[in-house]
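Report on one structure; see the data block that follows.
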Amino acid sequence: MSERKPVVGVLGAGAMGAGIAQIAALRGHTVVLADAQSSACDSARERIIKSLAREVEKKRLQHADVDEALERLLLTHVDSARGYDAFGACDVIIEAIVESLDAKRTAFRQLEAAARGDCILASNTSSLSIAAIAAACERPQRALGVHFFNPATVMPLVEIVPGVRTDAAVVATARGIVDGWGKTTVLALDTPGFIVNRVARPYYGEALRILDEGLATISDIDWAMTTLGGFRMGPFELMDFIGHDVNYVVTESVWTALYYDPRFKPSLTQRRLLEAGLLGKKSGRGFYDYADGAERPAATEDRALGTRIVNRILAMLVNEAIDAVYHRITTAADIEVAMTKGMNYPKGLLAWGEEIGLDKVLAEIDRLHDEYHEDRYRASALLRRMVRERKSVFGE
């Protein structure tokens with residue numbers, strides 16, 4: 001007799017919540033997907049059905065697999081009148097609602113009241129404090145972060161983030177469940193941005209700084225980072241793809257949560273796009289124009305300029321990755337996994353830095369500091385130590 005699979009609840013039927021529910025249902029779990037908006041539940045069902053149909057067309061699933069997954073999926077509307085009773089039989093509930101601390105704390109209080117005493121409560125937050133969310137619960141030991149990346153059905157990485165009071169057994173159980181879904185999990189300290197959204201900030205921030213200074217155009221920077229740097233998407237194309245309502249807000253959240261550390265300072269240029277409602281692809285315009293027939297400005301394809309851009313942004317990224325090791329946010333190995341699988345970077349940043357030469361990375365950071373005299377260009381103490389002692393970040 002096969003062991004019973006945990007019943008999974010997902011609160012929030014947006015793109016992320018629907019994706020998580022789809023993954024769990026396909027892996028044989030009974031899934032309760034709920035939202036405060038009944039229209040969101042209807043949209044989620046349509047989204048899941050279309051997604052599964054594409055998988056059948058690509059011959060990655062059989063029709064029988066789809067039918068069985070949909071039978072295991074229950075969509076329901078929750079509100080103040082109905083309560084969260086639909087989650088009463090769940091073994092784990094993943095919250096995937098708006099990225100607001102107040103909203104998530106309220107949701108966790110309501111979920112805890114409806115759930116069994118041994119039910120795991122997980123938040124899909126990308127940058128908010130797990131400790132602060134869990135503090136809304138009477139038993140914060142059973143709360144943690146389980147951060148999927150968009151689209152959840154495609155991206156392999158999931159960050160597992162214990163709060164300061166999370167029970168170790170809860171972490172192990174939650175990680176085991178997500179591993180069982182075919183995902184790659186990494187363990188992150190409960191710090192702003194966790195691993196990926198912290199380490200990746202310079203990819204956007206330094207590109208914006210270069211633009212704001214008039215050193216290169218949007219097209220030149222994107223061309224340099226893709227053609228010369230090997231990144232799948234340039235920083236401006238990627239910000240437009242993510243949406244400035246998400247990307248800027250995460251940047252600002254990390255910056256404020258880290259006591260306004262200048263390394264993470266947001267760009268006024270990006271904020272103005274957000275304020276104007278120019279959110280990127282989702283709104284039809286951001287850094288680029290996505291209207292039918294619109295053409296992107298051509299890059300100059302100046303290799304000398306492009307190389308300087310790549311070296312500057314890459315040095316900032318490597319420095320941030322090394323600093324994450326220094327502050328024990330995670331292990332060096334997990335940083336490499338997180339940035340390649342969570343961001344599709346062409347190489348792990350730590351190995352890339354050692355390939356370039358950590359002394360050269362340090363020299364570039366110090367050059368920027370000498371030029372600007374800003375703490376934004378602050379070399380990690382671990383980077384200086386590794387260069388001075390001629391050691392590897394991996395401890396070899």
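Structure notes:
- Between region 257-325 and region 32-73, the alpha-carbon center distance in angstrom: 34
- Over the residues of the chain, the helix contribution to mean residue ellipticity at 222 nm works out to -14500 deg cm²/dmol, using -39500 (n - 2.57) for each DSSP H run of at least 4.
- Total formal charge among the other residues, if their Cβ is under 12 angstrom from that of Lys5, Lys/Arg +1 and Asp/Glu -1: +1
- Packing rank of 293-306, 139-152, 348-361, 314-327, where each peptide gets the mean count of other beta carbons within 10 Å, highest leading: 314-327, 139-152, 348-361, 293-306
- Charge sum, other residues only, whose C-beta stays under 11 Å from Ile356's C-beta, Lys/Arg counted +1 and Asp/Glu -1: -2
- Remark on region 250-385: ratio of C-alpha radius of gyration to 2.2 N^0.38 Å is 1.21.
- The value given for region 8-187 is a Kirkwood hydrodynamic radius of 16.1 Å, derived from the mean inverse Cα-Cα separation.
- Built amide H within the under 5 Å cut-off of Thr76, gap 5+: Leu33, Ala34, Asp35
- When Rg and the Kirkwood Rh are both derived from Cα coordinates, the Rg/Rh ratio for region 218-317 amounts to 0.99.
- With one equal scatterer per alpha carbon and no solvent term, the Debye-computed log10 I(q)/I(0) for the chain at 0.06, 0.09, 0.10, 0.12 1/Å reads -0.25, -0.57, -0.70, -0.99.
- Summary value for region 8-187: 20 percent relative contact order, contacts being C-alpha pairs under 8 angstrom separated by 6+ residues.
- Region 1-108 - Rg and Dmax from Cα coordinates, angstrom: 14.1, 44
- Ranked by how many other beta carbons lie within 10 Å on average, peptides 371-378, 331-338 from highest: 331-338, 371-378
- Taking a quarter of the surface of the Cα convex hull of region 1-52 gives a mean projected area of 3.6 nm².
- For the chain, the share of DSSP beta bridges that are antiparallel, to the nearest 5, is 25%.
- Compactness of region 76-154, expressed as Rg and Dmax over alpha-carbon positions, Å: 12.1, 35
- Counting Lys and Arg as +1 and Asp and Glu as -1 over every other residue whose Cβ lies under 13 Å from the Cβ of Trp181, the net charge comes to +3.
Computed from the coordinates by the stated procedures, all read-outs in this text should not be read as laboratory data. All values reported here derive from a predicted model rather than from experimental measurement. When we count neighbours, we look across all protein chains shown, and the Cβ atoms used for this are built from the backbone with ideal geometry, even at glycine.
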